[in-house]
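Beneath this line is the structure, given in structure tokens, with notes to follow.
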Amino acid sequence: MSNLYNPDYLSRLCKKYGLAPSKRYGQNYLVDQEVIKTIIGVADLKPTDTVVEVGPGFGVLTLALAEKVKKVFSFEIEKKLQSYWAEKINNEKIDNLEIVWGNVLREFERFCHSDPPTGGEESLSQSPNGQRSFASLKMTDRRYKVVANLPYQITSPIVRLFLENPLPPTEMVLMVQKEVAERICARPGDMSLLSVAVQYYAQAELAAPVPRSAFWPEPRVDSAVIRLTQPENKRARNQEFDGRFFSLVKAGFANRRKFLLKNLLPLVGKENKGRLERAFLALNLKSSARAQELSVAQWVELTEELLDN
């Protein structure tokens, strides 16, 4: 078993590289090999797959991914780990792993779509230790999966980053806080703005619970592995429709205790109350319906109905 599952070894590594798990980013190191196996199994990885990871840390998940797939791109914001990864990749001859240094929230789009720098400007592609960054790693594979133990404080923006990207992943397998996992995977009756936003783009499944004892340091919350996949009958991206859809959903969830009809009235205007009521009637929605009771499909139908009338 790898030393990376040993909290004492991780503690020594942290001291060596001047690190401490960041509360700001909700960072905790996975120390349970069975959980790693679960993540790998849920991701159903193939030798031809390209995987994007966020927050590799010392690499307990990263190295397991690299053993299974064609290519791994791991985004790491902590520059203190540059020498660690330069040494590890060189010593262990890991030729299918690239560490992308930088904040994934700012750099993923450039990583996917920008060309490498061509002189005359400061290149972001080389660190002092020779590790390349996004500028020299333009991803040529249009199909990829995201597999990651996410920093919990930035789970929502990272999920949104990938799902809303013009080049979305075919699948995402993520370790997230259990409460967030349950919200993302909620069903009608318990829906929230987060669950509607995620399920608008992907099918969401709570794949496995993970106890807090699987981490070092042990967090105060339990975790879960979720799986997000592209639906078979995926909607074509339409920026105008997406904007109308999310405006409607945000208005609907403005006050969960109020009836949906009342929440939507300020958005459509009192002069259009009859139009709103007719839309509800056409979709067999009760006037007493609340936002959390609607499925994503019903939100889409309601948006279409209001656009057509």
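Key figures for this structure:
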read-out	value
Candidates Ala236, Ala186 - the one that is closer than 30 Å to Ala279 by Cα and touching a Ser or Thr at 6+ places or on another chain (Cβ under 6 Å)	Ala186
Condition check for Ile36: of a type in the set (Val, Ile, Thr), crowded, with 21+ Cβ neighbours inside 10 Å and assigned to a helix (DSSP H, G or I)	yes
Residues of the range 286-309 satisfying the condition of being crowded, with 16+ Cβ neighbours inside 10 Å, more than 17 Å from Arg187 (Cα to Cα) and hydrophobic (A, V, I, L, M, F, W, C)	Leu302, Leu306
Test for Pro188: is it out of contact with any Cys (no Cβ under 8 Å at 6 or more places or on another chain), closer than 15 Å to Val296 by Cβ and exposed (fewer than 13 other Cβ atoms within 10 Å of the Cβ)	no
Meets criteria (assigned by TED's automatic domain parsing to the domain that holds Ala224, at pLDDT below 95 and in a loop (DSSP other than H, G, I, E, B)) for Leu105	no
Unmet requirement for Lys250, which otherwise passes all of (1) in a loop (DSSP other than H, G, I, E, B); (2) out of contact with any helix residue (DSSP H, G or I) (no Cβ under 6 Å at 6 or more places or on another chain)	(1)
Test: residue in the range 45-59 that is assigned to a helix (DSSP H, G or I), modelled with pLDDT of 95 or more, surrounded by fewer than 21 Cβ atoms within 10 Å (Cβ to Cβ) and out of contact with any His (no Cβ under 8 Å at 6 or more places or on another chain)	no
Tally, over the range 209-247, of residues that are in a helix (DSSP H, G or I) and either free of Cβ contacts under 8 Å to residues at least 12 places away in the same chain or over 30 Å from Asp32 (Cβ atoms) (or both)	10
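The values are calculated or read from the model by the stated rules, or taken from the named source; none is laboratory data. All figures in this text were calculated on a predicted structure; none of them were measured in a lab. Because the Cβ atoms are built from the backbone with ideal geometry, glycine has one as well, and the counts that use them run over all protein chains shown.
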